[in-house]
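Novice: After the structure tokens below, expect a handful of questions from me.
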Amino acid sequence: MRKNVKISYVYKKYIYTLPSQDFYDLLVEKSIGVEILQESEQVIFATYEPLENLTPIKVEEVKFINPKESFRPIFIESFVICPPWTVPIVINPASSFGTGKHPTTQIALKLISKYYKKGWSAIDVGCGSGILSVALKKLGCKKLLAIDTDKKAIKECKKNAKLNAVNVTCKNLNVNKVKESFDFLVANLEISIFKEHMESLIGMFKKIGIFSGLYKKQDLEEFLKLAKGLEILDVQKNNNWYGVVLKK
């Protein structure tokens, strides 16, 4: 299992002090960027590169954290302020088929983000609310089929696709009725369904398959036996739930 690594950088901050007139003469002469820390008759200022012929009164180490680690969405009333690298997904809160709160959905979304490649065709088996299908469309999936055996889920899938302004083909189909193969598969189901339909599911993808919905190690061990012969790229855990990535 891979772990998230918080990326940060350490810079040196050089702090100097000069009489006010000397400081402004320096700015004109050097045309440098400085951070003024205190200004009076003496100016205390900082640079991030050492200055020739000047001795700093202090050198500090400053840790810079990647903005992707430090800037999170901000919620103010009905507004959400998001950085440009986030992918917003709108889900009808009345839906009981997947709002993103359950660990299995979170595992699947994490693995989609990690392994899906833009332009691949994809199938979402057991689509529920369509949250995973919406995610795939927003990552650049042009050909996508979402299937579920529950007609109510198909209605929710269509509704949520519309809320996100994406086009998702949602069909009320059993696994064994799908005859087509896709580059990428995501299936957030239960071990009993995997046991019954694993052969069909394996036949549905050409490159990568993401399987979520495995509860505790017993389910995981049973699933890995079903996946015999395929390369196991990744195993993710969230509380007592597991997700597995298979590669052909």
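The values are calculated or read from the model by the stated rules, or taken from the named source; none is laboratory data. In this text the structure is predicted, and so the values were computed from the model without any measurement. Here the Cβ positions follow ideal geometry from the backbone for every residue, glycine too, while neighbour counts run over all protein chains shown. Surface areas here come from the heavy atoms of the whole protein model, side chains and all, with no ligands, DNA or RNA. Shrake-Rupley method; radii C 1.70, N 1.55, O 1.52, S 1.80 Å.
Novice: Compute all pairwise cysteine Cβ distances in the chain, then list the cysteines with no distance under 4.7 Å to another cysteine.
Specialist: Isolated Cys, the chain: C82, C127, C141.
Novice: Then there's this: In the chain, with Lys and Arg counted as +1 and Asp and Glu as -1 at Cβ, which of these residues, F75, A165, I123, has the Cα nearest the positive end of the dipole, that is, farthest along it?
Specialist: Most positive-ward Cα: I123.
Novice: How long, wide and thick is the stretch 89-131, going by the Cα atoms along their three principal axes, in whole angstroms, largest first?
Specialist: 31, 18, 18
Novice: Let me ask something else. Starting from the Cα coordinates of the stretch 43-129, work out the convex hull volume and express it per residue in Å³. The partial results should precede the final answer.
Specialist: Numbers: hull volume 18.0 nm³, N = 87.
Output value, Cα hull per residue: 207 Å³.
Novice: Something else now. Is it possible to state the helix-based mean residue ellipticity at 222 nm for the chain, with each DSSP H run of 4+ residues giving -39500 (n - 2.57), the sum divided by total residues, to the nearest 500 deg cm²/dmol? What is it? Don't skip to the answer; put the middle values down first.
Specialist: Values: 7 runs with 73 residues, N = 248.
Taking each H run of at least 4 residues, the total per residue is -9000 deg cm²/dmol.
Novice: Here is a further query. Could you size up the charge dipole of the chain around its Cα centre, putting +1 on the beta carbon of Lys and Arg and -1 on that of Asp and Glu, and report it in debye to the nearest 20? Could you put the intermediate results ahead of the total?
Specialist: Numbers: 38 positive and 26 negative charges, 392 e Å.
The calculation lands at about 1880 debye.
Novice: With bins 5 Å wide starting at 0, give me the P(r) of the chain over every alpha carbon pair, in whole percents.
Specialist: 1, 6, 11, 14, 14, 11, 8, 5, 4, 4, 5, 6, 5, 4, 2, 1, 0
Novice: Here's something else I'd like to know. Just to compare against my own numbers: the Cα pair-distance distribution for the stretch 104-183, 10 Å bins, whole % per bin, please.
Specialist: 20, 54, 25, 0
Novice: State in Å² the accessible area per residue of the chain; use a 1.4 Å probe, count heavy atoms of protein chains only, and round to the nearest integer. Let's see the in-between values first.
Specialist: Working: 15020 Å² over 248 residues.
Accessible surface, normalised per residue, equals 61 Å².
Novice: Normalised by the number of residues in the stretch 1-81, what is the relative contact order in percent for Cα pairs under 8 Å and 6+ residues apart?
Specialist: On the way: 104 pairs, mean separation 33.8, N = 81.
Computed value for the stretch 1-81: 42 percent relative contact order.
Novice: Please tell me the relative contact order of the chain in percent, rounded to the nearest whole number, where contacts are Cα pairs under 8 Å and at least six residues apart. Each step should come with its number before you reach the end.
Specialist: Numbers: 450 pairs, mean separation 37.7, N = 248.
Relative contact order comes out at 15 percent.
Novice: Roll a 1.4 angstrom probe over the protein heavy atoms and tell me the percent of accessible area of the stretch 162-201 that is carbon or sulfur. Display every interim value, and only then the final one.
Specialist: Working: 1010 of 2300 Å².
Of the solvent-accessible surface of the stretch 162-201, carbon and sulfur hold 44 percent.
Novice: What is the distance, in nm, between label points placed 7 Å from the Cα along the Cα-to-Cβ direction at N174 and at W85?
Specialist: My value for the distance between the label points is 4.6 nm.
Novice: Over the stretch 57-178, what is the relative contact order in whole percent, taking alpha-carbon pairs under 8 Å and six or more residues apart?
Specialist: On the way: 166 pairs, mean separation 25.6, N = 122.
Relative contact order of the stretch 57-178: 21 percent.
Novice: Using alpha-carbon positions, what is the distance between the centroids of the stretch 177-248 and the stretch 104-155, in Å?
Specialist: The two parts, judged by their Cα centres, are 14 Å apart.
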